[in-house]
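Single-structure report; data block below.
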Amino acid sequence: MEDWRRTPLVFWVTSLPPTLWLVVFFLIPLALVWVMSFGELDGLIDIKITGTLANYARALDPLYLEVFGKSLVFAGFTTVISLLVGFPVALAIVFASPRWRPILLLLVILPFWTNLLIRTYALIAVLRVRGFANFSLEWLWDQGNTVLALMGLGSYQLLGDRFEPLELLYNNTAVVIGLVYVHMPFMILPLYAALERLDRSLIEAALDLGASQFRAFLTVVVPLALPGIISGGILVFIPALGSFLTPDLLGGTDSQMIANVIERQFKGANDWPFGAALSFLLMYLTFAALTVRALVNRRAERRGGA
Amino acid sequence: MSTETTPIVEINGVSKRFGSFAAVDNVTLSIGQGEFFALLGPSGCGKTTLLRMLAGLELPTEGRLIIDGQDMSGVPANQRPVNMVFQSYAVFPHMSVLDNVGYGLKVSGVQRPEIRERAQEALALVKLGDFGQRMPDQLSGGQRQRVALARALVKRPKVLLLDEPLSALDAKLREQMRLELVNLQETVGITFVIVTHDQDEALSMASRIAVMEAGQVRQLAPPAELYEFPKTRFVADFIGSVNMFEGRVEAVEKDVIRLACPGLERPIEVEQTDTPPVGATAWAALRPEKIEISKEPPSDPTENATPGRIEEITYLGEVSIYHVRVSEALPLVKVAMANVDRVTRRPFTWEDEVYLSWTRQCGVVLDR
Ligand SMILES: Nc1ncnc2c1ncn2[C@@H]1O[C@H](COP(=O)(O)OP(=O)(O)OP(=O)(O)O)[C@@H](O)[C@H]1O
Ligand SMILES: [Mg+2]
């Protein structure tokens with residue numbers, strides 16, 4: 001039955017097109033960019049490959065290091081917040097009745113069906129000074145005042161004499177909110193997959209042996225969900241690290257991430273070699289993150305965790 | 001061992017409904033201190049549900065559970081003086097064997113050196129003393145089951161609950177583990193409540209057995225009583241193999257019931273104190289090993305006897321089951337005979353015309 005697996009012809013015929021595709025449209029362009037990162041601008045458009053390391057040296061300038069650092073911090077916060085919010089959501093979906101589970105999962109991936117740009121603009125509508133978030137807060141403020149007035153405390157202005165809308169947009173917080181919103185499904189889905197496989201009787205056994213709900217969660221659920229946590233973390237961290245639309249639209253002047261700088265090199269600044277060097281530094285960072293995951297995974301395997 | 005002194009577990013009119021379906025239906029029973037108690041019944045009869053209610057993993061819809069004199073309503077699973085061995089063992093895959101066994105002590109705040117010592121002790125008890133550093137995936141099914149056992153025993157619960165602990169093992173290992181479980185129970189003196197759908201398991205291990213059907217307890221008795229004096233056709237049929245003759249009670253004289261069965265020439269006579277009324281429909285339940293096969297009719301006229309022809313012989317190793325046609329109107333009668341001799345020298349063979357006979361003390365007449 002499985003003879004075709006061993007036939008070289010079939011092997012080549014089926015694996016050649018995807019391989020070609022990868023080589024022509026991914027590896028070769030990537031190599032070109034890599035080579036370019038060792039070049040210099042020659043005039044306005046021409047690039048001379050001189051083997052110089054000047055682009056990398058320039059990338060290590062504190063100015064850019066700070067942007068790298070900020071990107072790491074943003075991506076880190078995004079990952080941690082996604083995990084903290086996503087874990088209860090994934091747990092809730094796993095423990096929901098079988099009838100509700102597909103609907104809840106659908107709700108999680110529903111945002112994917114809308115263009116990122118539209119979703120980001122929608123977030124602007126939510127966060128801006130006269131947006132839904134502030135409307136809601138103002139409504140709460142009004143209600144609070146009404147209650148206070150009913151209690152006879154109306155004249156003291158306990159909640160301030162005027163509602164001050166929060167500055168939610170065009171700052172670092174807005175960027176992290178946007179990144180969390182965009183990447184949340186990437187966290188929830190692997191977590192769900194890991195928790196779904198988790199044998200319920202393990203939790204019951206922990207409770208039966210005297211563990212509190214919280215203790216059982218920490219000592220049984222979290223360790224067994226670790227592969228999902230790591231996958232989710234990687235799936236959120238890497239794209240968040242390289243995102244440029246969200247900081248571009250939601251961020252202020254000082255919330256630029258490394259991808260925004262790279263974009264500027266390729267477009268506005270027209271300095272392709274420097275952009276290429278920055279791109280590759282970002283890629284090395286990404287590889288570092290993946291290596292960490294591989295190491296953690298190997299350790300988990302050695303401990304026998306599934 | 002069936003010292004029915006003070007009950008350690010009292011189940012009082014307990015029901016559990018999932019929607020309108022009653023998984024456990026008004027069960028009342030009590031389990032004595034130090035008993036080896038078995039819940040036996042077909043799949044889906046509510047055994048696990050009842051056990052889980054004892055463990056606190058499921059809340060009764062109705063009724064009260066009392067363990068060691070304390071009402072369990074409102075007491076969560078992690079505060080009950082019981083521990084459970086799960087059907088799937090539920091051994092934590094990410095912890096070593098020693099950590100698994102020590103888990104219950106650790107979450108109760110026992111000091112490290114004591115945890116080690118007691119966990120090691122519990123492992124020795126289940127003969128896994130040298131396996132503490134292994135991970136669960138490096139164990140066989142039987143060893144994993146013993147880890148689960150040690151883990152549940154280490155906290156010295158008042159009651160140990162076991163949900164089909166042997167169902168995942170092969171026949172040989174199962175038989176061995178039965179013995180080990182019984183020995184272990186005698187060593188530690190903890191009350192065991194075991195769930196099983198394997199009648200051999202229940203008969204060989206338990207001091208008392210509750211037979212369940214459709215969420216209700218049909219009969220609660222020690223194994224021998226359950227086997228010899230089942231109260232209903234369901235119990236008779238579920239425990240062991242049985243021949244059932246339907247008939248009408250013709251007469252009752254001096255504790256001897258005469259049951260006229262269509263298809264049999266003579267009424268079946270059974271000695272029994274507790275008898276159904278004359279005229280009632282009843283069933284005579286007769287174990288295959290209590291029937292004798294002979295070439296001649298029996299000499300004792302008080303013995304039950306009927307002629308028949310051997311239609312089928314099933315070889316089961318230590319016994320053979322002879323399927324005998326006594327009447328076209330009745331199903332084949334099963335008769336078990338020990339294979340004392342080699343099969344080639346069987347006293348009877350296919351198509352032999354024989355007599356089946358059994359005494360009045362064999363079998364029971366049931367009206368349900
Ligand atoms: N959470 C639940 N929701 C709905 N029905 C349930 C639930 N748990 C059990 N049941 C039903 O209750 C009945 C009894 O289940 P239970 O698990 O107690 O059976 P059991 O006697 O242990 O059977 P088995 O020998 O197959 O393990 C079954 O019909 C089952 O479908
Ligand atoms: Mg069960």
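Annotations
- Out of B:LEU65, B:LEU50, sole residue that is within 16 Å of ligand 2 (Cβ to nearest atom) and either modelled with pLDDT under 90 or buried (at least 19 other Cβ atoms within 10 Å of the Cβ) (or both): B:LEU50
- From B:ALA251, B:ALA282, residue being more than 25 Å from B:TYR322 (Cβ to Cβ), surrounded by fewer than 22 Cβ atoms within 10 Å (Cβ to Cβ) and away from ligand 1 (no atom under 16 Å from the Cβ): B:ALA251
- Considering residues of segment B:166-175 that are touching a residue at least 12 places away in the same chain (Cβ under 8 Å) and out of contact with any helix residue (DSSP H, G or I) (no Cβ under 6 Å at 6 or more places or on another chain) only, the residue nearest to B:LEU54 (Cα to Cα): B:SER167
Yes/no per residue for (1) away from ligand 1 (no atom under 16 Å from the Cβ); (2) in a loop (DSSP other than H, G, I, E, B):
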position	(1), (2)
B:LEU98	yes, no
B:LEU123	yes, no
B:ARG134	yes, yes
B:VAL147	yes, no
B:LEU173	yes, no
B:GLU180	yes, no
B:ILE194	no, no
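- Candidates B:LEU162, B:LEU123 - the one that is within 23 Å of A:GLY210 (Cβ to Cβ) and within 16 Å of ligand 2 (Cβ to nearest atom): B:LEU162
- From B:PHE18, B:PHE36, residue being within 14 Å of chain A (Cβ to nearest Cβ) and either farther than 24 Å from B:SER204 by Cα or away from ligand 1 (no atom under 15 Å from the Cβ) (or both): B:PHE18
- The set of residues from segment B:60-81 being of a type in the set (A, V, I, L, M) and more than 8 Å from chain A (Cβ to nearest Cβ) comprises B:LEU65, B:ILE66, B:ILE67, B:MET72, B:VAL75.
- For A:THR173, the requirement of being surrounded by fewer than 21 Cβ atoms within 10 Å (Cβ to Cβ) and either in contact (Cβ under 8 Å) with a residue 60 or more places away in the chain or more than 14 Å from chain B (Cβ to nearest Cβ) (or both) is met.
- In segment B:16-35, of all residues being more than 16 Å from ligand 2 (Cβ to nearest atom) and crowded, with 23+ Cβ neighbours inside 10 Å, the one that is nearest to B:ASN183 (Cα to Cα) corresponds to B:GLU35.
- Hey, B:SER167 farther than 25 Å from B:ILE66 by Cβ, within 16 Å of ligand 1 (Cβ to nearest atom), surrounded by fewer than 20 Cβ atoms within 10 Å (Cβ to Cβ) and among the hydroxyl-bearing types (Ser, Thr, Tyr) or not: yes
- The single condition among (1) surrounded by fewer than 22 Cβ atoms within 10 Å (Cβ to Cβ); (2) within 16 Å of ligand 2 (Cβ to nearest atom); (3) within 14 Å of chain A (Cβ to nearest Cβ); (4) part of a loop (DSSP other than H, G, I, E, B) that B:TYR89 does not meet is (1).
- Here segment B:196-224 is the region considered, the condition is being more than 16 Å from ligand 2 (Cβ to nearest atom), touching a Lys or Arg at 6+ places or on another chain (Cβ under 9 Å) and in a helix (DSSP H, G or I), and the residue that is farthest from the other protein chains (Cβ to nearest Cβ) is B:PRO223.
- Matching residues in segment B:36-47 - criterion: being within 15 Å of ligand 2 (Cβ to nearest atom) and touching a residue at least 24 places away in the same chain (Cβ under 8 Å): B:ALA38, B:LEU39, B:LEU40, B:GLY41, B:PRO42, B:SER43, B:CYS45, B:GLY46, B:LYS47
- So B:SER108, is it hydroxyl-bearing (Ser, Thr, Tyr), farther than 30 Å from B:PHE18 by Cβ and within 8 Å of another protein chain (Cβ to nearest Cβ): yes
- Lone unmet requirement of (1) surrounded by fewer than 18 Cβ atoms within 10 Å (Cβ to Cβ); (2) among the hydrophobic types (A, V, I, L, M, F, W, C); (3) touching a residue at least 12 places away in the same chain (Cβ under 8 Å); (4) within 14 Å of another protein chain (Cβ to nearest Cβ) for A:ALA194: (1)
- Count of segment B:44-59 residues, restricted to those that are more than 10 Å from chain A (Cβ to nearest Cβ) and outside any loop (DSSP other than H, G, I, E, B), is 7.
- Considering each residue of segment B:282-290 in turn, none proves to be of a type in the set (A, V, I, L, M, F, W, C), farther than 17 Å from B:VAL242 by Cα and in contact with an Asp or Glu (Cβ under 7 Å, 6 or more places away or on another chain).
- Filter result for A:LEU168 (in contact (Cβ under 8 Å) with a residue 60 or more places away in the chain and buried (at least 18 other Cβ atoms within 10 Å of the Cβ)): no
- Test result for B:ARG116, among the charged types (D, E, K, R), away from ligand 1 (no atom under 16 Å from the Cβ), within 24 Å of A:ILE203 (Cα to Cα) and part of a loop (DSSP other than H, G, I, E, B): no
- Helices (runs of 4 or more DSSP H) wholly inside segment A:97-157 containing at least 1 residues that are among the aromatic types (Phe, Trp, Tyr) and touching a residue at least 60 places away in the same chain (Cβ under 8 Å): A:116-127
- Residue within segment B:49-63 that is acidic (Asp, Glu), without any contact (Cβ under 8 Å) to a residue 12 or more places away in the chain and either within 16 Å of ligand 1 (Cβ to nearest atom) or farther than 25 Å from B:ASP200 by Cα (or both) present: no
- Comparison of A:ASN260, A:ASN297 shows that the only residue that is crowded, with 17+ Cβ neighbours inside 10 Å and outside any loop (DSSP other than H, G, I, E, B) is A:ASN260.
- Hits in segment B:292-302 (condition: over 15 Å from B:ASP352 (Cβ atoms) and at pLDDT 80 or above): none
The values are calculated or read from the model by the stated rules, or taken from the named source; none is laboratory data. Keep in mind the model is a prediction, meaning the values are calculated, not measured. FYI the Cβ positions are ideal-geometry reconstructions off the backbone, even for glycines, and counts take in every protein chain you see.
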